[in-house]
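Heads up: the structure comes next, in structure tokens.
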Amino acid sequence: MPLLEVRDLNVEFRTRDGIAKAVNGVNYTVDEGETLAVLGESGSGKSVTAQAVMGILDMPPGKITGGEVLFRGQDLLKLKEEERRKIRGAEMAMIFQDALSSLNPVLSVGEQIGELFVVHKGMSRKDAKAKAVELMDRVRIPAAKERVGQYPHQFSGGMRQRIMIAMALALEPALIIADEPTTALDVTVQAQVMDLLAELQRELHMGLILITHDLGVVADVADKIAVMYAGRIVEQAPVHEIYRAPAHPYTKGLLESIPRLDQKGQELYAIKGLPPNLMNIPPGCAFNPRCPMAQDVCRTDVPPLADVSETRRSACHFWKETLDAAQ
Ligand SMILES: Nc1ncnc2c1ncn2[C@@H]1O[C@H](COP(=O)(O)OP(=O)(O)OP(=O)(O)O)[C@@H](O)[C@H]1O
Ligand code: SF4
Ligand SMILES: [Mg+2]
């Protein structure tokens, strides 16, 4: 049984202008100790999917209209909020892009890390503080003992991300979702924070969902990749297979826009045109207006996520041709 299995997840946002179909039948699995990288342009539904899995989706305006989120076989979407809250933090935790808006500005970092042990483990404040120092050491914050009483704004961006990683790891969850955890940082600091996260993930044998725009990072740390477009997974495969030869024209476009090493962290620009308006997704394959390989059938029939191999799937009518052309 996989650690996490997302099955046919659908999420909509009801807004004044209409219904935005943000997630349209997402399927993926994450095993213990495995890293799944989720890629795709801005607005493709990466964060909304993650929020639905974590149980922190803004509802309303968001609404889960279908699907299952199986964690160790149990459907989290069927649990009461109180039961979900217990799982959050203890069994699965999330790391966000911007620590400054996620951390509480008026509590010291030690209090915030320690709080997790007080609430979930019933520890005394004194023991919880000692645990906080231990965790700050673990994420290599220098002089942890002296700094445990300081406030978030007294730390640099990179150190604040480390504090958020410390909080996510505190209760040794089985699954971490990191939503662009290094995007807001300087390039050199990005690499350090990413290395730290990858190292701790291996050490603790956690499942990791890493949402990122940075294909350079993906090649280094992920086991497999899910590529999202307009709220669907369009290709999923082990990292080395995707890099060797993409089986979907959108993946191909993403790979061709890999930024040069000296521009690590840049956004992806090479694919012409824009992702669709989610209130008005084109019929057939959502990528067809931008796809250099589109044929008539692409404008009428939605391509199913087909098995390319035992480990690989692609939602393209012409995945064979795409794969052959790349090999
Ligand atoms: N609170 C909200 N209200 C209305 N629509 C929303 C809301 N949050 C997300 N959406 C819709 O869901 C779509 C997907 O958003 P999501 O945040 O998952 O994108 P993303 O893939 O994470 O993009 P990015 O790379 O920019 O973070 C958005 O384009 C938007 O249409
Ligand atoms: S189904 Fe058609 S439009 Fe969609 S990616 Fe494949 S070739 Fe392109
Ligand atoms: Mg996002």
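What the table shows:
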read-out	value
Theoretical ellipticity at 222 nm over the chain - DSSP helices of four or more residues, -39500 (n - 2.57) apiece, nearest 500	-10000 deg cm²/dmol
Pair-distance profile P(r), taking every C-alpha pair of region 98-172, with 5 angstrom steps and integer %	3, 19, 32, 27, 14, 3, 0
Hull shadow area, averaged, region 71-125 [alpha-carbon convex hull, nm²]	5.0 nm²
Contour minus Cα-Cα distance for residue 59 and residue 31 (0.36 nm per residue)	7.3 nm
Net charge, residue 162 excluded, C-beta distance under 10 Å - Lys, Arg +1, Asp, Glu -1	+3
DSSP-assigned coil residues among trypsin sites (Lys or Arg not before Pro) in region 16-85, each with at most 15 further Cβ atoms within 10 Å	16, 72, 80
Modelled FRET efficiency - R0 22 Å, residue 42 with residue 299, Cβ distances, 0.05 increments	0.35
Given 21/78; 252/272; 63/224, the pairs whose alpha carbons are separated by over 20 Å	21/78; 63/224
Long-range amide H partners of residue 302 with built H, under 5 Å	284
Within the chain, longest stretch clear of exposed GluC sites (Glu not before Pro) (DSSP loop, no more than 14 other Cβ within 10 Å)	33-266
Per-residue Cβ neighbour rank within 10 angstrom, fewest leading, 48, 189	189, 48
Under 19 Å from residue 131, Cα to Cα: lysines that are on another chain or at least 8 residues apart	121, 145
Residues 19, 271 arranged by fewest to most Cβ contacts within 10 Å	19, 271
Packing-based exposure ordering (other Cβ within 10 Å, fewest first) of 254, 210	254, 210
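Any read-out appearing in this document is the output of simple, stated calculations on the displayed coordinates, not a laboratory observation. Since the structure is predicted, the reported quantities are computational estimates derived from the model, not experimental observations. All Cβ positions, even for glycine, are placed from backbone atoms using ideal geometry, and neighbour counts span all protein chains on display.
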